[in-house]
Every structure is written in C-alpha cells, then in structure tokens.
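Engineer: Just dropping this structure here.
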Amino acid sequence: FLSSSPLPIINNGIRSSTCNFQQQLLSKSSTALFAVDEGPQEIAVTINTTLTDDKIKNLFAWVKCAFDDGGGDKDDVYAYYYNNIELAIAAVFGDNLPSDSLPTKLLEMALKKEGLLEQYQQKEAIVEDEEWEEACVGDVIGRRDREQASLGAMGAAQWSGQWMTRPHSLLLVQNYTNVDDWIKPLKRKRRETLKRAGREAQNFTIITKPIRGGHPAPHSSYAHFRCVVQHEVRLLSKMYGASTNAFVNALAEAISRYIGTTRMAGVIQEYRDVSTNKVIGFAHEVSKGRTTRGQWFYCDDYAAKHYVWFHSVLDLVRRAIEDDRIDVVDLGPSGSDAFTDLKAQYGFEAVVDWPAVADYSGDFLYEEDQNEDELGDDMIRMIEKLVERQ
C-alpha cells in the first residue's frame with residue numbers, strides 16, 4: 001500500500017527510472033525520466049515545496065485511487081501505480097513534468113474521477129465542497145483486523161517479548177481523584193499553558209468519533225488528510241530546516257501515517273474551528289488492558305498556534321482519571337529528545353521497561369455498541385475462556 005519499492009514503468013514513450021527514484025527525490029529534489037526512443041535523455045523534475053490546499057486535494061485524489069485499488073477491476077492496468085509514493089509526489093509537486101509522462105497522466109485520471117480535472121487543467125482554484133472534503137473513503141475493516149493493525153504502533157513487540165522499542169512516556173492516574181490532582185504539582189508555567197489551552201477551547205468544538213469495525217474510519221477524509229500533511233510538513237521543517245529533502249520526506253511520511261491511522265482501532269477526538277466548522281486537528285486514542293494510549297495526533301497550522309495538542313492531552317488525562325478501567329495514560333515514544341522533555345514537564349515519565357508499568361494485557365476497550373459482532377466472535381470467546389481455565 002503506497003510503497004516506495006522500485007517500479008519499472010513504460011507509458012506514452014516515457015520510461016520512469018524509479019529504481020533510484022526515491023534516492024534522487026530525497027537527495028537532489030529531482031528524478032530522472034528517460035525517453036525510450038531517444039536514449040537516456042534526462043529531464044530534471046523540479047519539486048515545488050509550496051504547500052497549498054489545492055495541492056493537498058490533488059494529492060488526496062491520488063491517495064483515494066490507492067484506497068480504491070481499481071475498484072476490484074482486474075483489467076485496470078493503472079491501479080497498481082497509485083501505490084507508489086514517489087510517483088504521487090512527483091505528479092502533484094513536480095513543476096515541469098512532461099504532459100504525456102506517466103505521473104501526469106495518472107494524476108489527471110485521479111482528478112477526473114473526483115470532478116477536479118477541468119479546474120486543474122485551467123489552473124483555477126478548486127471550489128470548496130464540504131461533502132467531498134468530509135466523505136469517509138477508507139477501507140471497510142473489521143474490528144479484529146483493526147486491532148491487529150494497531151498493535152505495532154502501540155509497541156506490542158516489546159510486551160510480547162519480540163524486541164525492545166523506544167521508551168514510552170507514561171502518567172499513572174490511578175491515585176488521582178480529578179484532573180486538578182495532576183495539574184497542581186506542575187510548575188507554574190505548565191499550569192498556565194494548560195489553563196490557556198482550556199481558554200482556547202472556546203474557539204473549537206470537540207467531537208468524539210468511535211472507529212467502528214466493519215465501517216470506514218471516521219477520519220478517512222480529505223479534511224483529516226489535510227491536517228496530517230500540514231502537521232508532518234511543519235514538524236519536519238522545524239526538525240531539519242526548510243528544504244526540499246524535508247518537504248518530500250514529510251509528504252511521504254504523511255501519506256504513510258494517514259493510511260496507517262485509518263486502518264487502526266480506537267476513538268477519534270476531532271477538533272473543529274468554531275467559526276468555519278473546518279476540521280483543524282484530531283487525536284487518535286486506543287485503550288487496552290488498564291492503559292489508554294494517545295496513539296496519534298495531527299493538526300493544521302492554525303491549530304498548532306492555538307494549543308490544541310495541549311488541550312488534547314488535558315482532555316485525555318481528565319477522561320482517563322474518570323474511567324475506572326484505566327490506570328495509566330501512555331503518550332508513547334517521541335520523535336525527538338525535545339518532545340520527550342516536553343512530555344516530562346507535564347508529568348509523563350519516559351520509561352524504558354514501560355510494559356512493566358502500563359498494563360496492556362487485557363482486551364481492547366470500547367464504548368457500548370461501538371462494534372458489531374463479527375463472524376467467529378462467539379467461538380473466539382469460548383476458546384479464550386477455555387484457555388483461561390487451563
């Protein structure tokens with residue numbers, strides 16, 4: 001699914017040498033296209049790092065084709081190519097791709113499916129369409145498959161004894177009676193930040209959306225994809241500086257992470273701007289055993305300036321304290337030491353042997369009627385009870 005594996009392509013007289021496509025994109029911000037009938041003539045493709053909503057919509061049109069995978073049509077010879085991240089980035093952000101090149105043609109076919117081709121060809125701004133932007137297009141995935149897809153990101157490799165993962169940032173909440181018990185011991189500046197996050201809440205609404213087995217994920221829409229893309233581009237630019245390398249890596253990371261989060265179990269806390277009703281961010285939470293995990297968080301540039309991440313942590317801790325089933329809040333590993341330190345300032349301790357503290361040994365936790373029974377559930381429950389008795 002949206003892999004970066006080498007892919008030899010011949011179409012309309014253009015062969016794209018994708019064996020070194022990723023390396024060249026990441027190191028030179030260009031790739032090499034060769035005209036079959038003229039020998040190895042290189043065409044430098046310039047990657048435009050300007051991120052706009054229209055560009056993100058074009059990219060999402062491509063991603064939707066990857067979700068669709070040809071609609072089950074075995075004769076769709078193009079469906080496979082939509083799984084290639086490098087082609088997607090080149091097609092959407094390449095300034096000077098030949099009009100008859102494969103990436104350009106694939107993008108035009110994707111945009112035609114979405115009714116966006118005419119605006120793209122005439123270089124017009126894409127008209128906002130709330131129905132299109134918020135339509136959930138993710139795969140229909142059953143509960144058990146979603147749970148299985150969640151385990152890797154949760155760090156199951158360590159608690160199952162396969163290998164050590166990175167330290168997780170944990171907060172023990174079983175002795176708290178309310179959220180103030182957590183806030184009061186924090187340093188003054190941290191308390192003020194959380195207070196500011198609470199005040200900022202008047203500028204957005206929060207909607208809880210359970211991820212249901214047998215249904216597309218409630219965050220498998222363009223509105224949420226936009227948040228993931230802006231989040232990753234902003235984050236990697238801060239970490240590595242504004243560069244083509246960071247931009248391309250961020251786009252690849254965003255596509256991969258978006259696909260991943262929409263295949264997992266749990267609950268989405270969706271943040272919307274009060275004045276525009278646009279989705280500005282979301283937190284993906286998963287609870288298992290006696291632990292609730294802040295699995296993913298993504299927000300757009302507006303939300304990043306309005307303390308939405310801090311509010312999401314505040315809200316997660318509050319709900320965990322109020323839930324008798326939960327003893328530990330796990331914010332997982334961090335992408336940088338600075339982020340680990342930030343979590344520590346709010347009481348989340350980075351623990352190497354975190355499974356000894358965070359109990360993930362029980363079932364995934366859901367709200368009542370969140371999932372429909374699946375075929376074989378009764379048999380699995382019976383086998384589990386027999387194993388417990390033994």
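Engineer: Write down the radius of gyration of the stretch 123-232 and its Dmax, each obtained from C-alpha positions, in Å.
Structural biologist: 19.6, 59
Engineer: Shifting gears a bit: I need the shape label for the stretch 229-300. Rule: rounded when a/c is under 1.5, else prolate if a/b > b/c, else oblate, with a, b, c from the alpha carbon gyration tensor. Could the numbers behind the result be given before it?
Structural biologist: Values: a/c = 2.36, a/b = 1.42, b/c = 1.66.
Oblate, since a/c reaches 1.5 and b/c is not below a/b.
Engineer: Let me ask you something else. Which whole-Hz ³J(HN,Hα) couplings does the stretch 219-228 yield from phi under the Karplus relation 6.51 cos²θ - 1.76 cosθ + 1.60, θ = phi - 60°, glycine and proline marked x?
Structural biologist: Values per residue, Gly and Pro as x: 10, 8, 10, 4, 4, 7, 4, 4, 5, 5 Hz.
Engineer: Also, I was wondering about something else. With r defined as the distance between the Cβ atoms of Phe339 and Val140 and R0 fixed at 35 Å, what FRET efficiency is calculated, to the nearest 0.05? Working shown, then result.
Structural biologist: On the way: r = 34 Å, r/R0 = 0.98.
It comes to 0.55.
Engineer: If you count only protein heavy atoms with a 1.4 Å probe, what accessible area per residue comes out for the stretch 292-377, rounded to a whole Å²?
Structural biologist: Working: 4160 Å² over 86 residues.
Spelled out: the 1.4 Å probe surface of the stretch 292-377, per residue, equals 48 Å².
Engineer: Also, quick follow-up: When DSSP beta bridges are limited to those with both residues in the stretch 282-332, what percentage is antiparallel, rounded to the nearest 5?
Structural biologist: Values: 7 of 10 bridges.
Antiparallel: roughly 70 percent of the beta bridges in the stretch 282-332.
Engineer: List every residue whose amide H lies under 5 Å from the amide H of Val45, counting only residues 5 or more places away in sequence or on a different chain, with H placed 1.01 Å from N in the peptide plane.
Structural biologist: Distant-sequence amide H within range of Val45: Thr31.
Engineer: Continuing with this model, one more query. If packing is taken as the mean number of other Cβ atoms within 10 Å per residue, what is the order of 324-337, 350-363, highest first? List each step's numbers first, then the result.
Structural biologist: Details: 324-337: 17.2, 350-363: 15.6.
Packing proxy ranking, top to bottom: 324-337, 350-363.
Engineer: Asp100 to Asp53: FRET efficiency via 1/(1 + (r/R0)^6), r the Cβ-Cβ distance, R0 25 Å, to the nearest 0.05?
Structural biologist: On the way: r = 27 Å, r/R0 = 1.10.
Plugging the Cβ-Cβ distance into 1/(1 + (r/R0)^6) gives 0.35.
Engineer: Might you tell me the accessible area per residue for the stretch 91-163, computed with a 1.4 Å probe and given in Å²? Walk me through the numbers before you get to the answer.
Structural biologist: Details: 3960 Å² over 73 residues.
It amounts to 54 Å² per residue over the stretch 91-163.
Engineer: On to the next question. Amide H to amide H, which residues 5 or more places from Lys278 or on other chains are under 5 Å from it, using H placed in the peptide plane?
Structural biologist: Counting only residues 5 or more places away or on other chains, the set is Asp273.
Engineer: Quick one: accessible area per residue over the stretch 217-279, 1.4 Å probe, rounded to a whole number of Å²?
Structural biologist: Numbers: 1970 Å² over 63 residues.
The answer is 31 Å² per residue.
Engineer: So if I take the centroid of the Cα atoms in the stretch 194-248 and the same for the stretch 283-305, what is the distance between those two points in Å?
Structural biologist: Using only Cα atoms, the two centres lie 9 Å from each other.
Engineer: Something else about it: Starting with the highest mean, order 119-127, 210-218 by the number of other Cβ atoms within 10 Å, averaged over the residues of each peptide.
Structural biologist: On the way: 119-127: 12.0, 210-218: 20.2.
The packing order, highest mean first, is 210-218, 119-127.
Engineer: Could you work out the local net charge near Val308, counting Lys and Arg as +1, Asp and Glu as -1, over the other residues with Cβ closer than 12 Å to its Cβ?
Structural biologist: Working: positive: Arg196, Arg272, Lys305; negative: Glu200, Glu270, Asp273, Asp300, Asp301, Asp315.
In short, -3.
Engineer: Taking a virtual spin label 7 Å from the Cα of Glu367 along the C-beta vector, which residues in the stretch 204-225 bring their backbone nitrogen under 15 Å of it?
Structural biologist: Answer for this model: 206-213, 218-219.
Engineer: Let me ask another. If each residue of separation counts as 0.36 nm, what is the full-extension length gain between Asp323 and Asn175 once their alpha-carbon separation is subtracted? Spell out each step's value before the answer.
Structural biologist: On the way: separation 148, 0.36 × 148 = 53.28 nm, distance 1.21 nm.
Separation in residues times 0.36 nm, less the Cα-Cα distance, equals 52.1 nm.
Engineer: Can you flag which of Lys55/Lys113; Lys209/Lys278; Lys195/Lys343; Lys112/Lys278; Lys189/Lys343; Lys238/Lys305 are past 23 Å Cα-Cα?
Structural biologist: Values: Lys55/Lys113 16 Å; Lys209/Lys278 16 Å; Lys195/Lys343 16 Å; Lys112/Lys278 25 Å; Lys189/Lys343 14 Å; Lys238/Lys305 14 Å.
The answer is Lys112/Lys278.
The values are calculated or read from the model by the stated rules, or taken from the named source; none is laboratory data. No experiment lies behind these values; they were computed from the predicted model shown. As a convention, Cβ positions derive from the backbone with ideal geometry for all residues, glycine included, and neighbour counts pool all protein chains shown. Ligands, DNA and RNA are excluded from the accessible area calculation, which covers all protein heavy atoms including side chains. Shrake-Rupley method; radii C 1.70, N 1.55, O 1.52, S 1.80 Å.
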